[in-house]
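Peer 1: Dropping a structure here in structure tokens format, bear with me for questions.
The values are calculated or read from the model by the stated rules, or taken from the named source; none is laboratory data. Not measured: the values here are computed from a predicted model. Counting neighbours? That spans all protein chains shown, and the Cβs are built from the backbone with ideal geometry, glycine included. Side chains included, ligands, DNA and RNA excluded: accessible areas come from the protein's heavy atoms. Shrake-Rupley method; radii C 1.70, N 1.55, O 1.52, S 1.80 Å.
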Amino acid sequence: MDHAAEAQRTDLMTITRHVLNEQGRHPESRGDFTILLSHIVLGCKFVASAVNKAGLAKLIGLAGDTNGEEQKKLDVLSNEVFVKALVSSGRTCVLVSEENEEAIIVDAPLRGKYCVCFDPLDGSSNIDCGVSIGTIFGIYMIKDKDNVTLDDVLQPGTDMLAAGYCMYGSSCTLVLSTGNGVNGFTLDPSLGEFILTHPNIKIPNIGKIYSVNEGNAKNWDAPTAKFVEKCKFPQDGSPSKSLRYIGSMVADVHRTLLYGGIFLYPADQKSPNGKLRVLYEVFPMSFLMEQAGGQAFTGKQRALELVPRKIHDRSPIFLGSYDDVEDIKALYASESIIG
């Protein structure tokens, strides 16, 4: 490697350096948030490694050991990794995971002031076919770590301090916002570090892509049906939008964030409250979209203003480019006027 390339490598912005720089904007900070994020990053590295090995382990017969004990399912393993990483940070007091029915209250000696809501492995049913999957997380502050109640967890998304996702695919990408824009980091396997590769991500104001499961079309409400019809057959002379739907939320949202367009998972007759979970899917992705200059809407209100009543509440969601979400908002507004 020549000297210029070597110098370039030493000037890399790692995620640790980035978070420390962010911490510098808050003189009152004691580094708790930085420590918490470093434990989340460690969990992501561990899961990235496990995901990479999963297919091979299955193919060459490593799925069970000699005493017949099955290898842990990857989503269960990922959950254990994140719970242990978050608890051992000493900075969390309550955890909400997609994999656990109840919230996890951290033992008093290890308690900190943060609540983390997470989906340890979103899209895990796609592992066998090689589609990108990911971890989604959102971080809140808790008022009184010594007297934690469920109400402390059921905060609106507007109270969120930070959110992000880590996508395990052709590369391992971690997208993070601490409330000051959105940045993307890619894991460099030779360094074992996440490097800043997508600084200050801004979603285009309007996109050429819509992303929805059209298999549910017969159960949609009128505004969703009209919007998708407009995407396919625009009446104003503009070109049709392209449909892209992976079925793994992290992958679909990642593409939407980088290329623009809209991702929608509406309510329908089968799922009148929508399918995606508020605390660890809808809120973190809505937070990232807004921080990147986009919007997120539930069909009734700004997504981040929702107040969940239970930790696994669901909601419809429309998120993406500002103008595309404006279009769906207008259709819902005219529907309510007619109604």
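Peer 1: If residue 186 passes every condition in (1) touching a Ser or Thr at 6+ places or on another chain (Cβ under 7 Å); (2) open to solvent by 50 Å² or more (accessible area, probe 1.4 Å); (3) of a type outside the set (A, V, I, L, M) but one, which one does it miss?
Peer 2: (2)
Peer 1: Go through (1) at pLDDT 95 or above; (2) surrounded by 21 or more Cβ atoms within 10 Å (Cβ to Cβ); (3) of a type in the set (A, V, I, L, M, F, W, C) and name the single condition residue 201 misses.
Peer 2: Every listed condition holds for residue 201 apart from (2).
Peer 1: May I pose another question? Taking the residues in the range 124-147 that are small (Gly, Ala, Ser) and open to solvent by 20 Å² or more (accessible area, probe 1.4 Å) as candidates, determine which candidate is modelled with the highest pLDDT.
Peer 2: Only one residue fits best here, namely 132.
Peer 1: Are any residues in the range 154-167 assigned to a strand (DSSP E or B), open to solvent by less than 10 Å² (accessible area, probe 1.4 Å) and in contact with a helix residue (DSSP H, G or I) (Cβ under 6 Å, 6 or more places away or on another chain), and if so, which ones?
Peer 2: Residues satisfying the conditions are 163, 165, 166.
Peer 1: State whether one or more residues within the range 307-318 are polar (S, T, N, Q), open to solvent by 30 Å² or more (accessible area, probe 1.4 Å), modelled with pLDDT of 95 or more and at negative phi.
Peer 2: Within the range 307-318, none of the residues are polar (S, T, N, Q), open to solvent by 30 Å² or more (accessible area, probe 1.4 Å), modelled with pLDDT of 95 or more and at negative phi.
Peer 1: Could I ask something else about it? Might you let me know whether the range 285-299 holds any residue that is farther than 27 Å from residue 172 by Cβ and in contact (Cβ under 8 Å) with a residue 60 or more places away in the chain?
Peer 2: For the range 285-299, residues farther than 27 Å from residue 172 by Cβ and in contact (Cβ under 8 Å) with a residue 60 or more places away in the chain: present.
Peer 1: Also, quick follow-up: What residue, among those in the range 277-302 that are in a strand (DSSP E or B) and surrounded by 21 or more Cβ atoms within 10 Å (Cβ to Cβ), is nearest to the chain's Cα centre (by Cα)?
Peer 2: Among them, the one singled out is 277.
Peer 1: Which residues, taken from the range 1-45, are at pLDDT below 90, among the small types (Gly, Ala, Ser), in a helix (DSSP H, G or I) and open to solvent by 50 Å² or more (accessible area, probe 1.4 Å)?
Peer 2: Scanning the range 1-45 gives 4, 7.
Peer 1: Which residue pairs have Cβ atoms under 9 Å apart, sit 6 or more places apart or on different chains, and have a first residue in the range 210-233 that is farther than 18 Å from residue 336 by Cβ and open to solvent by less than 20 Å² (accessible area, probe 1.4 Å) and a second that is part of a helix (DSSP H, G or I) and of a type in the set (Lys, Arg)?
Peer 2: Matching pairs, first to second residue: 210/232; 211/255.
Peer 1: Which members of the range 98-118 meet the condition of being over 12 Å from residue 152 (Cβ atoms) and crowded, with 24+ Cβ neighbours inside 10 Å?
Peer 2: Residues satisfying the conditions are 116, 118.
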